[in-house]
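Written out below as structure tokens is the structure these notes cover.
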Amino acid sequence: MTAESRANWSAQDTRLACRRGELAGQTSGLAAGYAQANLVVLPRDLAADFLLFCQRNPKPCPLLDVTEPGSFTPTRAAPGADLRTDLPGYRVWRDGKLVEERTDIRSLWQADFVSFIIGCSFTFEAALLRAGVPVRHIELGVNVPMFRTNRPCEPAGIFHGPLVVSMRPLKPADAVRAVQITSRYPSVHGAPVHIGLPEQLGIADIGRPDFGDAVPVAPDELPVFWACGVTPQAVAMAARPPLMITHSPGCMFVTNLRDEHLAVG
């Protein structure tokens, strides 16, 4: 299956490929035009705290949907989908430690689980490409590089931890265009939070991401940083909830929402 043919998949095609075990890698560039999302699954007794955390930190955690307790179908974002099987990869966190990665969480599902569907920057990449702004990790066929920063999120209940950012290297003129384009997509992280000078974010080595894959940054390019939906995974490490399930970085849930419907202005 070529990258071009996968880009032409519908959202349902992508989810069914995950459900059948045919797709286990990162989803950047797949199902063009459909909004992609991060996933956080928590027991009900922690859901109110995490909902408040998302409301207080809308840049890294813009909510697209929240399920009823026990439901594995996000009725607004993707009616008929199954959050237990329809992502390429999941991470299981216990007491702040990553204990397992798997492609199916049916055997772990609990009747009190609440799922949070959080907008992902992969969504606005199609708009960048349409405008002629290059996206390096798509060109290279790798995952986007992601970094923990020295910027703390606003805490809520038990949840606290650092902001995580994704990075795309761009020439200055393209960086300006990227700000203009992505600012129209606040529900999938919106405009960048920082441009250039990674050390100001506490990033010591731009070639060693904490999540995802390294990509080259040319001498005439600026690293451009967006708030990232992997932030809850850094929060899990800091807050140490007894149980949290998330997507594997880059292995997103593809919704039925169209990216152009999420644009504002």
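Positive end of the dipole of the chain (Cβ unit charges, origin at the Cα centre): among Ala173, Pro162, Gly21, the Cα lying farthest that way belongs to Pro162. Taking the simple approach of a point 7 Å from Cα along Cα-to-Cβ for both Ala218 and Glu260, what is their distance in nm? So the two model labels end up 3.1 nm from each other. From the Cα gyration tensor of region 220-265, with a ≥ b ≥ c the square roots of its eigenvalues, which class applies: rounded if a/c is under 1.5, or else prolate if a/b is larger than b/c, or else oblate? Oblate. Net length available on complete extension from Ile195 to Gln180 is 4.1 nm, with 0.36 nm assigned per residue and the Cα-Cα distance removed.
Shape analysis of region 47-163 yields a ratio of the Cα radius of gyration to the Kirkwood radius, Rg/Rh, of 0.98. Compactness of the chain, taken as the C-alpha radius of gyration over 2.2 N^0.38 Å, stands at 0.93. Normalising the average separation of contacting C-alpha pairs (under 8 angstrom, six or more residues apart) by the number of residues puts the relative contact order of the chain at 31 percent. Packing here is the average count of other Cβ atoms within 10 Å per residue, and on that basis the peptides 198-204, 111-117, 32-38, highest first, run 32-38, 111-117, 198-204. Database remark: amide H of Asn143 closer than 5 angstrom to the amide H of Asp213 (H placed geometrically; neighbours at sequence offset of 5 or more, or on other chains; Pro and chain starts carry no H).
Nearest 500 deg cm²/dmol is fine: what mean residue ellipticity at 222 nm does the chain get from its DSSP H runs of n ≥ 4 alone, each adding -39,500 (n - 2.57), divided by its residue count? All intermediate terms of the calculation are to be shown ahead of the outcome.
On the way: 8 runs with 65 residues, N = 265.
My calculation for the chain gives -6500 deg cm²/dmol from helical runs alone.
The Rg/Rh ratio for region 146-243 is 1.00, where Rg is the radius of gyration of the alpha carbons and Rh is the Kirkwood radius. Extending 7 Å from the Cα toward the beta-carbon at both Ala238 and Ala24 defines two label points whose distance is 3.3 nm. Starting from the Cα of Arg102, step 7 Å toward the Cβ, then list every residue of region 64-95 with an amide N under 12 Å from that point. Label zone hits: 84-85, 90-93.
Bear in mind that the values in this text are calculations on the coordinates, not laboratory data. These numbers were taken from a predicted model, which means no experiment stands behind them. A quick note on method: Cβ atoms are made from the backbone with ideal geometry, for glycine too, and the neighbour counts reach across all protein chains shown.
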